[in-house]
Amino acid sequence: MKFKLIVSVAAIAAALTGCGGDGDSSTPATTATTAASTTSTTLASTSTTFTVRDTAGVAMNGATVYAIPTTDVEALAKQPITLTNGLYTADAQKVDEPLEDLINGNYTPTGGGVASYKSAVVDSGGKAVLSNLPASAAYFIYVKPASTDTAHLPGGSLTRTAMAGSALVGNDTAVKVSTTPSSAATYIGSSLCLACHKDKAGVKQTLHKLGIMVPKSPSGLQDLTQFSSTTNLDQDFYAGLKRFETGTTLYYYGYSGGTAGSFKTLPTNPTAAQLGSGQPVYFTLELSKTASGVYQVKFNNLITPTDPLNGIVRKVDLTYGGGLHKQRYMTRIGTSTYILPLQFDPQGSDSSTESRRFQWIEYDTVSKKWWNPTTNTFMDPNTDATGQKKSFDIFCAGCHYTGYSVTKNGDNSFTASAASDYKGEVHPVTGTKQEMNIGCESCHGPGSEHMNAGGLGKSILTPQNLTPEREVQICAQCHTRTNSNDKDGLKLESPLDKNNKMMLPGTSRASFLANNVVGYDTTAFWGDNKHAKKHHSQATEFIQTKKYRNGTMLMTCASCHNLHAPGTDRHQMSGTSDNSLCISCHSAKKDVKAHMDATTGYNMGPGTLCIECHLQKTAQSGSGSPTTTFKSPSGQEYFHNDISSHMFDVPLKSSISASNKMPIAFTNACGVCHNPVRLP
């Protein structure tokens with residue numbers, strides 16, 4: 001098959017070089033942009049001209065250009081974004097899109113709001129001329145397509161960094177606007193995208209592409225270069241599968257009780273002390289690899305040997321995760337795929353005081369209908385009404401599959417499909433190759449029209465040219481813990497709408513909240529109701545920060561993350577593990593040691609890192625990092641978790657208690673060396 005070389009479409013927004021204030025109330029280092037930092041032409045008059053074209057170079061005839069005063073964005077940013085009982089308040093939804101809420105009149109600051117903004121309509125030549133723009137103020141430049149224009153999305157390339165009026169008045173400044181696929185566009189798969197956009201091949205090394213895999217058989221869209229360590233379990237993608245190859249038996253014991261409890265799990269027969277008085281081992285799972293190369297799990301019921309499902313063997317058709325934090329294992333039953341009730345946590349320790357920190361843990365054994373605690377027998381989730389509703393196909397796949405679609409079968413089970421891709425992963429039900437991971441079109445939209453037009457910026461979404469809030473929403477739809485508005489009323493974590501569809505990239509946050517969710521997980525946060533306890537909650541935190549709403553630079557996920565490469569420490573970070581990425585914005589804190597000395601009152605070492613205080617790993621995905629036990633509080637054991645809080649603040653000791661053990665700086669970064677009782 002031959003491919004025509006096309007001009008590379010711009011990537012998801014490049015890492016920005018400045019940012020707004022953050023949780024420590026430091027003064028932003030970046031000020032309003034000057035004329036030298038954007039494309040402009042000096043004119044003889046004092047008019048303010050913009051040349052507005054889309055990514056294909058077409059004039060944005062009929063669009064309106066607005067100059068939004070930064071003072072209005074600052075006023076909006078002072079309003080809280082409040083989540084109450086799993087729902088954002090009506091007032092919060094008027095201020096959670098920093099530019100669009102102003103333009104749409106949802107929030108009107110003192111001074112008149114959008115009715116008072118300088119604006120002009122773009123003519124057929126792409127020109128918009130604003131009159132009498134005060135040169136003494138600063139602005140975000142916003143482009144709103146004409147009401148009849150369905151081929152473009154609002155925002156533009158000047159919605160990220162505030163522009164000084166003095167840099168705009170008397171100049172002709174270029175603005176680029178994103179095109180978008182039509183509703184008729186279809187998914188083509190990342191292999192066809194990468195055939196032209198070869199410079200984005202690094203995406204194949206990211207965890208977005210490695211999440212779903214045929215065991216030890218990476219597809220043509222998967223590159224394990226970053227996860228091939230033979231000594232570091234957290235960098236060995238196959239560490240869990242190697243336990244199958246050597247043969248491992250997992251013992252399930254210590255059931256917590258009730259109809260939705262959990263088990264403790266060990267790879268050795270638990271001792272009498274571990275079991276507790278009169279407590280049994282309920283069942284075992286035997287992990288193995290057959291001579292023909294099949295990875296499998298055998299279910300052995302020790303407490304009810306007459307169980308009809310005793311001895312049943314389930315094939316591992318797909319692995320789910322690996323390389324960082326955890327790996328799960330999926331099996332096909334009928335026409336659906338289910339996550340088996342086990343999880344491998346490479347950093348876990350079986351000597352931990354908390355069973356959820358062990359190296360092997362049970363995964364939703366009861367709630368996902370693998371075990372009946374009333375009869376002490378195994379269950380087949382595909383024949384249970386509740387189990388069917390928690391299959392991977394309906395419960396999870398929406399946030400993983402590119403071009404997700406799902407069919408409800410006659411027996412009430414579900415079968416999910418992804419975009420066809422000739423280099424994709426083999427679907428366990430259909431046997432066809434599909435893009436069963438996050439791909440190019442998950443963020444840029446379906447690419448058929450773009451490819452058929454020869455590329456060149458046509459009919460494709462470029463996130464960096466959207467409003468910042470729409471770009472963030474692309475990530476936020478899955479990096480929040482929602483209850484979906486799905487067709488069957490299941491309130492899933494995958495935010496499906498009434499048609500069981502995922503949001504298309506470029507959708508506004510307002511539309512997403514109205515159509516895709518009925519609420520948010522109220523158990524996802526620690527006792528302070530701010531910092532995430534559960535993984536994929538980053539966006540819920542981020543939209544509360546000054547980085548998302550401020551009058552200087554409106555940051556997005558791509559300000560710090562590289563979406564097309566594995567980045568630093570395999571976390572897709574744009575910077576290194578030192579402080580350089582943070583200091584590129586916060587130059588006033590360049591001397592981090594001096595900042596720490598002044599803040600804590602201690603003489604800190606030269607290797608102090610910003611992230612050790614401002615990006616504490618509060619949320620848990622796998623086991624968390626190795627434990628630290630302190631003499632005071634007496635015998636108290638604390639943990640780092642896996643996922644950094646995206647609040648960017650420093651939670652204090654007053655935020656935690658023995659029953660609310662949120663990982664914070666004084667128990668981790670500081671407490672390793674300093675007596676935590678003395679720390680703030």
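The values are calculated or read from the model by the stated rules, or taken from the named source; none is laboratory data. Given the structure is predicted, the values throughout are model-derived calculations rather than measurements. Note: ideal-geometry Cβ built from the backbone for every residue, glycine included; neighbour counts use all protein chains shown.
What the table below lists for this structure:
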{"read-out": "Residues satisfying the stated conditions in the range 361-395, i.e. surrounded by fewer than 22 Cβ atoms within 10 Å (Cβ to Cβ), part of a strand (DSSP E or B) and touching a residue at least 60 places away in the same chain (Cβ under 8 Å)", "value": "THR377"}
{"read-out": "Residue satisfying all of: in the range 591-608; surrounded by 13 or more Cβ atoms within 10 Å (Cβ to Cβ) and touching a helix residue (DSSP H, G or I) at 6+ places or on another chain (Cβ under 7 Å); nearest to GLY567 (Cα to Cα) among these", "value": "THR608"}
{"read-out": "Residue under evaluation LYS326, criteria (1) part of a strand (DSSP E or B); (2) surrounded by fewer than 21 Cβ atoms within 10 Å (Cβ to Cβ), criterion not met", "value": "(2)"}
{"read-out": "Cβ pairs under 9 Å, 6+ apart, first in the range 208-220 and at positive phi, second buried (at least 16 other Cβ atoms within 10 Å of the Cβ) and of a type outside the set (A, V, I, L, M, F, W, C)", "value": "LYS216/TYR238; LYS216/TYR295; LYS216/THR319"}
{"read-out": "Test: residue in the range 444-455 that is part of a loop (DSSP other than H, G, I, E, B), modelled with pLDDT of 95 or more, touching a Leu at 6+ places or on another chain (Cβ under 6 Å) and within 23 Å of GLN93 (Cβ to Cβ)", "value": "no"}
{"read-out": "Complete set of residues in the range 578-590 that are in a loop (DSSP other than H, G, I, E, B) and in contact (Cβ under 8 Å) with a residue 12 or more places away in the chain", "value": "ASP578, ASN579, SER584, CYS585, HIS586"}
{"read-out": "Condition check for TYR338: of a type outside the set (Val, Ile, Thr), crowded, with 22+ Cβ neighbours inside 10 Å and touching a residue at least 24 places away in the same chain (Cβ under 8 Å)", "value": "yes"}
{"read-out": "GLY105 being of a type outside the set (S, T, N, Q), under 30 Å from PHE542 (Cβ atoms), assigned by TED's automatic domain parsing to the domain that holds PRO145 and modelled with pLDDT under 95", "value": "no"}
{"read-out": "Total residues in the range 155-189, condition more than 20 Å from LEU456 (Cα to Cα) and assigned to a loop (DSSP other than H, G, I, E, B)", "value": "6"}
{"read-out": "Residue within the range 209-224 that is surrounded by fewer than 18 Cβ atoms within 10 Å (Cβ to Cβ) and among the basic types (Lys, Arg) present", "value": "yes"}
{"read-out": "Matching residues in the range 402-417 - criterion: being outside any strand (DSSP E or B) and free of Cβ contacts under 8 Å to residues at least 40 places away in the same chain", "value": "GLY410, ASN412"}
{"read-out": "Per-region count, the range 556-577, residues in contact with an Asp or Glu (Cβ under 9 Å, 6 or more places away or on another chain), among the aliphatic types (A, V, I, L, M) and not in a helix (DSSP H, G or I)", "value": "0"}
